[in-house]
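The values are calculated or read from the model by the stated rules, or taken from the named source; none is laboratory data. Worth saying up front: this structure is predicted, and the values here are computed from it rather than measured. Using ideal geometry, Cβ is built from the backbone for each residue, glycine included, and neighbour counts are taken over all protein chains shown.
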Amino acid sequence: METLKMKILAEGTVIGSEILKVDSFLNHQIDINLFNEIGQEFKERFVSNEITKILTVEASGIGIACIVAQYFGNIPVVFAKKHEATNLDSDTYEADVFSFTKNKTYKIRTSKKYINPEDKILIIDDFLANGNAVLGLVEIVEQARASVVGVGIVIEKAFQNGRSRIEATGVRVESLAIVKSIKDNTIVFKE
């Protein structure tokens, strides 16, 4: 997706050799026009699949997932919560997830009311690095005895092992921009 790649090159900030900061348009401030293009692209890539719900993890996946859902006929978006709350159902599916950017493990939770065995789930997330968040979401879908149709990622860091870990479970991964390397403050995309 050329528009996304151009946006990453123009506004992305490199921190070290592994961190790509894109908070000016993706996960802090949101570029709605870009999100609409992202939604259309995921619809094209998964057009032949029956999808009943989109699943993501809070917080930066929610906005993307909501826009994507519009292109699939306004299907429900479910998001896994990272923090316990008094208003969260006690009957939940749960998975432990290690956060690369926060360097800590947290538990993600989704109410059992919102994912059913009949559901065909598309997982959407902003970044793919080591795949921990996505694998946690896959685990939640499996606990619900639902099926994962695929995973849609906005930006994948191909120099980390997330894709291979997810594909090893038999799940299809579609990434819109694949970063091959970050070296000397330069972003190189996989062709």
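Total residues in the range 1-45 satisfying the condition of being without any contact (Cβ under 8 Å) to a residue 60 or more places away in the chain, aliphatic (A, V, I, L, M), out of contact with any helix residue (DSSP H, G or I) (no Cβ under 9 Å at 6 or more places or on another chain) and not in a helix (DSSP H, G or I): the figure is 1.
Find the residue count for the range 171-187, including only residues that are basic (Lys, Arg) and assigned to a loop (DSSP other than H, G, I, E, B).
Count: 1.
Restricting to the range 134-159, name every residue that is surrounded by fewer than 19 Cβ atoms within 10 Å (Cβ to Cβ) and within 29 Å of Val188 (Cα to Cα). Ala158, Phe159, listed by residue number.
Just to be sure, is Ser48 touching a helix residue (DSSP H, G or I) at 6+ places or on another chain (Cβ under 7 Å) and among the small types (Gly, Ala, Ser)? Criteria not met by Ser48. Selection over the range 1-31 of residues that are more than 17 Å from Ile178 (Cβ to Cβ) and either at pLDDT 95 or above or among the acidic types (Asp, Glu) (or both) gives a count of 3.
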